[in-house]
């Protein structure tokens, strides 16, 4: 009985038909994104053999997210969120086809890949706030935390499977076919999203966009719980995410392997993330979710730090599982707690501000890439892991707003 209770609690939101359509569309879209991460990163390395170039390509999506996410949040509070999702998914399809065409015509360059990364970031700034906010319109309030966790579980599942599949497709069929596969997944995601019912927009405000943006920022400053959750998200993303852009360098220089090995390594992050997000989905509301959030941040830092010391590929695979557990627990709890503690009319804007944390990735990627270029990729990983541990400790000691959740 206890096991059946856990199973029912963990997958509760998937009993909702409309949420299932959103969930399957998300699976396909994130599958496309994860495959292109492998393809774009490895293609950039093949073209340039420069760690800093790979880092710049990996971080190109972030500046548009930093600049446009809060605007995307306002749009998510003003317009029909389903249409925002579909337009964004179509944009991702066009990007994949454009890169495939440049490969086919043998004109692809680092600049094409950087432009594709920027375009993806622009789309992401509108897609993510709308996708997070629409969840509240599809499920009951009591299902919200579970739905957000299952959304993260689906993303983790694609992170587990897609990079390995992408690595194999790249290695066996070539990079051009890989990008056509990405376009196919994005197109199918549009189809699933079309099954979601049309939901009227929430905001009928006649206020100017910049006024609503300012109101969103003021709301975050006033709601101290939301503010500290966003501070934690920004610091951990700044220090915990950039190292992934340098995994192609570690694969080539340390492990002497190729794209298949890179895909498997990234898939292990997905396996850990799947385990972590399913654990969060099954948590009871009364459990210490804030303390768990802080612990998972420490886990991520420790995994990255230890990874800087390994020279055996199999050890890195195990560490990526641990990292995935920490990362997924952190992101899932951070997002779900934000949604719970935000009023309905501000949810799109708050999630837009939350999404800005991904725009901070270049602030970490660029110096990390420079460290890797001049001191080696292992030293870069050691710096990232150590700083993540210290920042998590600083947030833990600075406030009880998160510990008490």
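What number of residues within the range 343-379 satisfy the criterion of being in a helix (DSSP H, G or I), touching a residue at least 24 places away in the same chain (Cβ under 8 Å) and more than 21 Å from the chain's Cα centre (by Cα)?
Number of matching residues: 9.
Is there a residue in the range 86-94 that is assigned to a helix (DSSP H, G or I) and more than 30 Å from residue 13 (Cα to Cα)?
Checking the range 86-94: at least one residue is assigned to a helix (DSSP H, G or I) and more than 30 Å from residue 13 (Cα to Cα).
Please work out which residue is modelled with the lowest pLDDT, limiting yourself to the range 298-330 and to residues that are surrounded by fewer than 18 Cβ atoms within 10 Å (Cβ to Cβ) and farther than 24 Å from residue 397 by Cβ.
Pass one, the range 298-330, residues surrounded by fewer than 18 Cβ atoms within 10 Å (Cβ to Cβ): 298, 309, 311-315, 317-318.
Going one step further and asking which of them are farther than 24 Å from residue 397 by Cβ, we end up with 309, 311-315, 317-318.
Working: 309: 90, 311: 86, 312: 90, 313: 91, 314: 91, 315: 92, 317: 93, 318: 94.
Checked the range 298-330; the qualifying residue modelled with the lowest pLDDT is 311.
Restricting to the range 135-144, and then to whatever is assigned to a helix (DSSP H, G or I) and surrounded by fewer than 24 Cβ atoms within 10 Å (Cβ to Cβ), can you tell me which residue is modelled with the highest pLDDT?
The extreme case among them is 138.
Which ranges mark the helices (runs of 4 or more DSSP H) fully within the range 241-342 that have 2 or more residues being closer than 18 Å to residue 383 by Cβ and more than 17 Å from the chain's Cα centre (by Cα)? Walk me through how you get there before you give the answer.
Details: elements: 247-253, 259-281, 289-307, 313-340.
Filter on the range 241-342 gives 247-253, 289-307, 313-340.
Is it the case, given these coordinates, that residue 368 is buried (at least 24 other Cβ atoms within 10 Å of the Cβ), modelled with pLDDT of 85 or more and on the phi < 0 side of the Ramachandran plot? It would help to see each step written out before you state the result.
Working: buried (at least 24 other Cβ atoms within 10 Å of the Cβ): yes; modelled with pLDDT of 85 or more: yes; on the phi < 0 side of the Ramachandran plot: yes.
Answer is yes for this residue.
The values are calculated or read from the model by the stated rules, or taken from the named source; none is laboratory data. Here the structure is a predicted model, which means the values were calculated and not measured. Please note: Cβ atoms are built from the backbone with ideal geometry, for glycine as well, and neighbour counts cover all protein chains shown.
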